[in-house]
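Q: First the structure, then my questions, so here it is.
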Amino acid sequence: MIMRAPINKVFTTGKMHVSKKYAGRWGGIRIRRPKTMMKRLSALALVAFFITLYLIFQTGRLQGKGGGRGIHRLNLAGIFQQPTRNPFDMKFKGKERMPPTIENLDRAPVSHTADFLLDYFLTMNVDGTQITWLRNTNTRGLLQQALDDYKLMMVEVDVVAENDKSTQNLTAVVAPSDTNVEYNLKLESFLTYISTYSNKGVKLNFDCLDAIKMALKSLKALEFDLHAPIWLAVDVLHGPNADIDKEPVDLQKAVDLVKEYYPPITLSLGWQTDWSPEPVETGYSWYHVISMAKFCVKFQQRASFSIRAVYAAESVRQIKWLLSLSSRFSAVLWLAEHDVVSVSAMVYFRKQTDKKKIFYILPTNFLDELKLTETVAQEDGDSKFDRTLWKPALLDEQSLAFLGKEQAVLEGDNSWLVSKDPHQPGSSGRTNIEVHGNVQFVESPKKSDSIAKFSLFIRCSGVNPPEPKDVHGVKLVILKDGTVTLSSQNLVKAGMYKTQTSAKLPESSCFAFKVIDSGEAQPILCTISIINCKNREEVSSDKSEVSLHLIAPYDDSRQMFFIAVTGGSTAEAIVVENLIIS
């Protein structure tokens, strides 16, 4: 039998010679060596291409096992594309979280999602006004602004349930500011940005159980990333002037969802409310707060009660009682878009309540004015003029008003000071309204035939509008020659009674006055006395003081309760000192 040599080998002189026809073996496959340089390069490129694809696929498959963030599908078109950078990564990545919080003192990051706000943010002054808020952060742009604001502590956002655009499953999303626009930010992404790039807390507002459930699932998915306080806000009861046909969210079902998915949060519980210029209810009743207390004994989460600020001053006793029931209770005051609340009402409310347990989602300028008012009151006591409670109204170019720390100077025929808040007997826990102060007529070198006068209005409409001649209310007039008059102006019902009473004092430059209004059932009482212009002490004389009284029923159709001061002339000014409303 003749044995043939393998086709790739030849035998010569007893030695094996390897043919140049093949390059060698790889994986049991014989690889033919290309004959030209171009063929060699093409072969190498093809091999490198398949190896690259293999490595990409393996990397994605392995990363996908760790939480689904790897490459699950091979996107050949995307291999050569420049990756799109997240705008939040570009702006905030690598920066320290802000603002500084208690977490900076921890040896290892821990969750503070159920912390009390003042404990978490370590405010220097233990006062709820120190917590700063941003409402309606419902767009990516506003979220970036919030993350960039170092002083901002709490971010508020509205959450709704929508069908996911990719999976068509129900998911929690940030409510679009425009209801005609589709959402572009999922709640999970929103929470990721907040927890990754800041130490800010979050208040999530809901109006249905579906949104609450989806949101709690998002919180559960991010439970190891979240660290700052989280509030879940929902209206669960009917409150003052609420539409009883509109059902609030079932609190028990909401609490059950919280317990099931993500218990370490604060429940921000509120009442459905409405407001009008003449509301049927002017505050939260005992029924409202007792009903809330009955619900809250069913769970152990920290609770903060949403209080509409327009009702706060009339509900002090009820709110104080509710907050006193548990150390885990607090309250947050808020304003609707068209609500109007007075600084004095907030000052009164804060004097009666625990400042550590009340937070304020109110306009920044209002809070600044509130803090200033309280500072002045604390420094100067109740016997000093508080300029923050008054606003000037100048109805012509010749009139002027200077508001100092203790005095106001008025000059011109149409210079006014009007209280920022109405003052009606029986409101805000006060049975009487008392207005007192001093007035000094400033002598001028200009000669004038007009007699300088000072006018104080109570139960007043204010001015601009209406015009001064159309102002209605009860008016006290003091002339420099000592003539004193108490009368009604433009009040219809007061015409049924004696409309004016007057008296005469000696001429003087300085007078003290006090007006007490106890409501329409009692006469308005006025006391006017001559005082020494230097030391402000009363002059001892039998004719240095007079008292007047006037009965003036309310005009229901037009009665308002502002307090206004006007006086002076183009030739003379008046100084009003220690003008106080109590």
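Q: Out of 508, 557, I need the residue that is assigned to a loop (DSSP other than H, G, I, E, B) and modelled with pLDDT under 85. Which one?
A: None of the other options fit; the residue is 557.
Q: Let me ask another. Would you call residue 461 among the polar types (S, T, N, Q), within 20 Å of residue 559 (Cα to Cα), crowded, with 18+ Cβ neighbours inside 10 Å and modelled with pLDDT of 90 or more? Steps first, answer last, please.
A: Numbers: among the polar types (S, T, N, Q): yes; within 20 Å of residue 559 (Cα to Cα): yes; crowded, with 18+ Cβ neighbours inside 10 Å: yes; modelled with pLDDT of 90 or more: no.
Taking the combined requirement at face value, the residue does not satisfy it.
Q: Filter the range 534-580 for residues that are aliphatic (A, V, I, L, M) and buried (at least 19 other Cβ atoms within 10 Å of the Cβ) and give the result.
A: Taking the range 534-580 as the starting set, the residues that turn out to be aliphatic (A, V, I, L, M) are 539, 546, 548, 550-552, 560, 563-565, 571, 573-576, 579-580.
548, 550, 552, 563, 564, 565, 573, 574, 575, 576, 579 - these are the residues of the range 534-580 that are aliphatic (A, V, I, L, M) and buried (at least 19 other Cβ atoms within 10 Å of the Cβ).
Q: A further question on this structure: Please list, ordered by residue number, the strands (runs of 3 or more DSSP E) wholly in the range 391-446 having 3 or more residues that are over 18 Å from residue 458 (Cα atoms). I'd like the intermediate steps shown before the answer.
A: Values: elements: 400-403, 407-411, 415-419, 433-442.
Output list reads 400-403, 407-411, 433-442.
Q: Going by the structure shown, is residue 215 buried (at least 21 other Cβ atoms within 10 Å of the Cβ) and either of a type in the set (Lys, Arg) or outside any strand (DSSP E or B) (or both)? Before the answer, list the steps.
A: Numbers: buried (at least 21 other Cβ atoms within 10 Å of the Cβ): yes; either of a type in the set (Lys, Arg) or outside any strand (DSSP E or B) (or both): yes.
Yes, satisfied.
Q: Looking at (1) under 28 Å from residue 559 (Cβ atoms); (2) modelled with pLDDT under 90, can you tell me which one residue 486 breaks?
A: (2)
Q: Something else now. Of everything in the range 94-120, what is modelled with pLDDT of 55 or more and either under 17 Å from residue 304 (Cα atoms) or polar (S, T, N, Q) (or both)? Give them in sequence order. Walk me through how you get there before you give the answer.
A: Just the residues of the range 94-120 that are modelled with pLDDT of 55 or more, to begin with: 94-97, 109-120.
Correct list: 111, 112, 113, 114, 115, 116, 117, 118, 119, 120.
Q: Right, something else. Could you check, for the range 328-337, whether at least one of its residues is more than 20 Å from the chain's Cα centre (by Cα), surrounded by 22 or more Cβ atoms within 10 Å (Cβ to Cβ), in the same structural domain as residue 188 (by TED's automatic domain parsing) and in contact (Cβ under 8 Å) with a residue 40 or more places away in the chain? Steps first, please.
A: Kept after step one, since they are more than 20 Å from the chain's Cα centre (by Cα), are these residues of the range 328-337: 328.
From what's left, surrounded by 22 or more Cβ atoms within 10 Å (Cβ to Cβ): none.
Within the range 328-337, none of the residues are more than 20 Å from the chain's Cα centre (by Cα), surrounded by 22 or more Cβ atoms within 10 Å (Cβ to Cβ), in the same structural domain as residue 188 (by TED's automatic domain parsing) and in contact (Cβ under 8 Å) with a residue 40 or more places away in the chain.
Q: Right, next: Within the range 124-152, restricting attention to residues that are of a type in the set (D, E, K, R) and assigned to a helix (DSSP H, G or I), which residue is nearest to residue 201 (Cα to Cα)?
A: Here is the first cut: in the range 124-152, the residues of a type in the set (D, E, K, R) are 127, 135, 140, 148-149, 151.
Checking the rest, the ones that are also assigned to a helix (DSSP H, G or I) come to 140, 148.
Details: 140: 17, 148: 14 Å.
Residue satisfying both the conditions and the ranking: 148.
Q: Another one. Which one of these is modelled with pLDDT under 90 and either part of a helix (DSSP H, G or I) or not acidic (Asp, Glu) (or both): 290, 307?
A: Working: 307 fails: modelled with pLDDT under 90.
Sole residue among the options that is modelled with pLDDT under 90 and either part of a helix (DSSP H, G or I) or not acidic (Asp, Glu) (or both): 290.
Q: For the range 476-525, which positions are of a type in the set (A, V, I, L, M, F, W, C), under 21 Å from residue 544 (Cα atoms) and more than 42 Å from the chain's Cα centre (by Cα)?
A: The answer is 477, 478, 479, 484, 486, 503, 505, 510, 511.
The values are calculated or read from the model by the stated rules, or taken from the named source; none is laboratory data. Just so it is clear, the structure is predicted and the values come from calculations on it, not from any experiment. Because the Cβ atoms are built from the backbone with ideal geometry, glycine has one as well, and the counts that use them run over all protein chains shown.
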